[in-house]
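None of the figures in this text is laboratory data; all of them are computed from the coordinates on show. Owing to the predicted nature of the structure, the values given are computational and were not obtained by experimental measurement. For neighbour counting, all protein chains shown are included, and Cβ atoms are generated from backbone atoms with ideal geometry for every residue, glycine included.
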Amino acid sequence: MEKDIEELGEKEKEKAKTPQNDVKTSRHASRYFVIGLSLAIFNYLLFMTIANLIVKNDNLFWFSSFIATAFTAILAYILHSKITWKERNPGKTGIYKFIIWNIILTFAISPTLTQIFGYATALYDLAFNISNFLHIPFSYDFIQSTGAFVLANAVIMVINFLFYDQFIFSKSKRRSNDQK
């Protein structure tokens, strides 16, 4: 019994030593969600601009996704390192891991998921029929490209959070002068 009390005392001492800026993963998740949602909106606007104004080809969703994802990735690293995981030090290899991950994401994962979700025609047919029923003037192409983008990005956001939290931004804390 006495040993248990000593162990509890040691755990409390360790907690007391932990700096206040040691943010738990749940706070990272909430920051990530806000920043991720903002980035997703930016990515969407860029994707739609490229897909509908420049490329104008349903078979090239992957290309529009590629360009939009590449630009958004740069912004993501800056925002996540300065805001989401601001108390963590990505270390010397963090930026390289981020670049490699985002090359894989940009060239393979995002375009592939966007193209695959572009084929979910039953879902888009339903959404288009509901849109028509409600007299909302969305074109089928708009519903399809938006649906493909949203579905792909929902999957990507979850994968990115897990990857960033575990592999990009290390658990080591930044020195206090790095946080200023």
### Task
Go through the stretch 74-170 and name the chymotrypsin sites (Phe, Trp or Tyr not before Pro) that are in a DSSP coil and have 12 or fewer other Cβ atoms within 10 Å of their Cβ.
Tyr119
### Summary
Sorted by chain and number, the residues with a modelled amide H under 5 Å from that of Arg88, at a separation of 5 or more or across chains, are Arg174
### Query
Along each of its three principal axes, how wide is the spread of alpha-carbon positions in the stretch 24-178, in whole angstrom units, largest first?
57, 28, 22
### Message
Report the Rg/Rh value for the stretch 51-121, based on alpha-carbon coordinates and the Kirkwood definition of Rh.
### Response
1.09
